[in-house]
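Asker: Dropping the structure in here first, questions after.
Nothing in this text is a laboratory measurement; each read-out follows from the coordinates by a stated rule. Because the structure is a prediction, the values reported are computed rather than measured. All Cβ positions, even for glycine, are placed from backbone atoms using ideal geometry, and neighbour counts span all protein chains on display.
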Amino acid sequence: MKFSIKALLSITLALSFALCGVTASLAQEEMDMETYNAQLAEWQEREAKAKQALEDCQNQVSEMQTQVEDLQAQIDQVWSDIYAEIGVSKADVDAFRQKLQALDRQVSGLLALSPEALFQRRDEVEEAENQLETYKKNRISALTEMQNLIATIEGKLTQIRNKMPKAIYDEYTVVVGDYLWKISGKPDIYDNPMQWMRIYSYNKEQIKDPDLIYPDQVFKIQREVGPDEYLVAKGDYLVKIAGNSEVMGDPSSWTKLYEKNKDILGEDPNLIFPYTVLVIPK
């Protein structure tokens, strides 16, 4: 096979270019390897420094943990001294704390109730108040933590007392032709004409004469007896009422009861009517 000079020159040039390309490629690969090795060395150095920094940090953490443990031991010793001073143990304090926390949860639950529901459960409110007073007499209550918790409970009890109505009642607006006997006998009032005295005594600030009422007067219709009220029942008399443990607990105090309600009872303390609402003197 014969080749022309031009063809041989072309082949020679192609081989030259190919050889140059291989040489350049090898040079590039060699340069990349050098860069890689340099970067690897740099990262290894940084890794070594990071490991050293981590070790230093761990040593510092260990030292701080030791300091915290020492400080906690000192705190525990101080509390031990305090408990010994007031004559209680840590277990006693923990148990007292749990009782206060339970009372706090109970009071929070009561505070969430509606005013009407609070009135219905006013005995629970009073019981919670008495329980708190008992806790306040415990020597553990002198600790600051307990004082703060007691103050929180007292604040909630105050909110409850402000929220709770003194009594539960509906309202009725007098219309033409009404009189107390008629109003009391209405099914949605008391459904009993004999309870007219309950309306009269409960609205004594508006009714000066039970035989004289006016249209558009708004009367309170008592539904529940308040804590400072007493609804007279058949067979009641002042001495008996005063001796009731839920009223005054002392029969001889009937005179105080009479004086407090003289404007309704009149001049004869021996004459009282059923369904009269009496105010209990404090």
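Asker: Putting +1 on Lys and Arg Cβ atoms and -1 on Asp and Glu Cβ atoms, find which of Y200, I221, A167 reaches farthest to the positive end of the dipole of segment 160-237.
Answerer: The Cα lying farthest towards the positive end belongs to A167.
Asker: Order these peptides, 196-206, 145-155, by their mean beta-carbon neighbour count within 10 angstrom, highest first.
Answerer: 196-206, 145-155
Asker: May I ask which residue of S114, A95, M64 lies farthest towards the positive end of the charge dipole of segment 61-115, with charges of +1 (Lys, Arg) and -1 (Asp, Glu) on Cβ and the Cα centre as origin?
Answerer: So the residue we want is S114.
Asker: Going by how many other beta carbons lie within 10 Å of each one, how would you line up V107, V232, V176, V239, fewest first?
Answerer: Ordered by Cβ neighbours within 10 Å, fewest first: V176, V239, V232, V107.
Asker: How would you order 261-269, 65-73 from highest to lowest mean count of nearby Cβ atoms within 10 Å?
Answerer: 261-269, 65-73
Asker: Let me ask another. Suppose every Lys and Arg Cβ carries +1 and every Asp and Glu Cβ carries -1, with no other charges. What dipole size does the chain come out with about its Cα centre, to the nearest 20 debye?
Answerer: Result for the chain is approximately 880 debye, rounded to the nearest 20.
Asker: In nm, what is the difference between 0.36 nm times the number of residues separating I75 and Q147 and their Cα-Cα distance?
Answerer: 23.9 nm
Asker: How large is ³J(HN,Hα) for each residue in segment 189-198, as worked out from phi by the Karplus curve 6.51 cos²θ - 1.76 cosθ + 1.60 (θ = phi - 60°), to whole Hz, x for Gly and Pro?
Answerer: Calculated HN-Hα couplings, in order: 9, 10, 6, 7, x, 5, 8, 4, 5, 5 Hz.
Asker: Compute the angle between helix 90-111 and the longest alpha-carbon principal axis of the chain, please, reported from 0 to 90 degrees and rounded to the nearest 10.
Answerer: The helix 90-111 is inclined about 70 degrees to the chain.
Asker: Could you work out how far helix 122-136 tilts from the main Cα principal axis of the chain, as a 0 to 90 degree angle to the nearest 10?
Answerer: 70 degrees
Asker: Of the listed values (i) 153, 66, 25; (ii) 79, 49, 30; (iii) 53, 39, 34, grab the one calculated as Cα extents along the principal axes in Å from the structure here.
Answerer: (i)
Asker: Say we join alpha carbon atoms closer than 10 Å with springs in a Gaussian network model of the chain; which of K49, K137, K240 then has the biggest fluctuation?
Answerer: K49
Asker: Let me ask something additional. With everything on Cα atoms, drop me the angle between helix 144-163 and the longest principal axis of the chain, reported from 0 to 90° to the nearest 10.
Answerer: So the helix axis and the longest Cα principal axis differ by about 50 degrees.
Asker: Now for a separate question. Classify segment 136-282: rounded, prolate or oblate, from the alpha-carbon gyration tensor (a ≥ b ≥ c, eigenvalue square roots; a/c under 1.5 rounded; otherwise prolate if a/b is larger than b/c)?
Answerer: Here segment 136-282 falls in the oblate category.
Asker: How far, in nm, would the chain grow between K182 and E126 when pulled straight, counting 0.36 nm per residue and subtracting the alpha carbon separation?
Answerer: Length gained, K182 through E126: 16.4 nm.
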